Amino acid sequence: MHTYYGILLPVKKKITSSPAAQRLWNKLQPCWPALKGSLAQVRKPCIRPHCPACASGKKHPNYLLAFTQNGRRRCLYVPLSMVPVLKRALANGRRVEKLLYEMGPALLQEYRASHPAQTGPAVRANRLRTKKSSAKS
Ligand SMILES: [Zn+2]
């Protein structure tokens, strides 16, 4: 276990100090609160006898937050005052997901900038480019 941490720590330090990591942290901060799930409005009957809303078929509006927990779909009732907060959190959740999708290309681009390719199509294209530019001058 100690060797595991011994190997992980320097790598973690190196990755968080990369410009891509710094950009991610900066973009993540204003994304709070964030969540993944879906908010749905449902209409439910109540337990009051002779309720006019239920008798008319209108029933009572309620919000449900649906989300996945440990692979299982779950739902929770949402207090009306929390609806705007959760809507903002859902939008932020989509923003965070988009940021995470951007991280793969950003990390690879960063890696390639510090580790230039020795072989492959990028090197061949670069050789052609430098030949052309040196032929011009
Ligand atoms: Zn009712």
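Considering Ala125, Ala106, Ala66, Ala89, the condition of being more than 19 Å from Arg23 (Cβ to Cβ), in contact (Cβ under 8 Å) with a residue 40 or more places away in the chain and of a type outside the set (Phe, Trp, Tyr) is satisfied by Ala89 alone.
Checking the stated criteria, Leu28 turns out to be in a helix (DSSP H, G or I) and either surrounded by 14 or more Cβ atoms within 10 Å (Cβ to Cβ) or away from the ligand (no atom under 16 Å from the Cβ) (or both). Could you look through segment 60-97, keep only residues that are modelled with pLDDT under 95 and more than 28 Å from Pro30 (Cα to Cα), and pick out the one that is nearest to the ligand (Cβ to nearest atom)? So the residue we want is His60.
So the check is Cβ under 6 Å with 6+ separation or different chains; which pairs have a first residue in segment 32-54 that's in contact (Cβ under 8 Å) with a residue 60 or more places away in the chain and a second one that's more than 10 Å from the ligand (Cβ to nearest atom) and β-branched (Val, Ile, Thr)? Pairs found: Ala34/Val96.
The values are calculated or read from the model by the stated rules, or taken from the named source; none is laboratory data. Since the model is a prediction, treat every value here as computed from it, not as a measurement. A quick note on method: Cβ atoms are made from the backbone with ideal geometry, for glycine too, and the neighbour counts reach across all protein chains shown.
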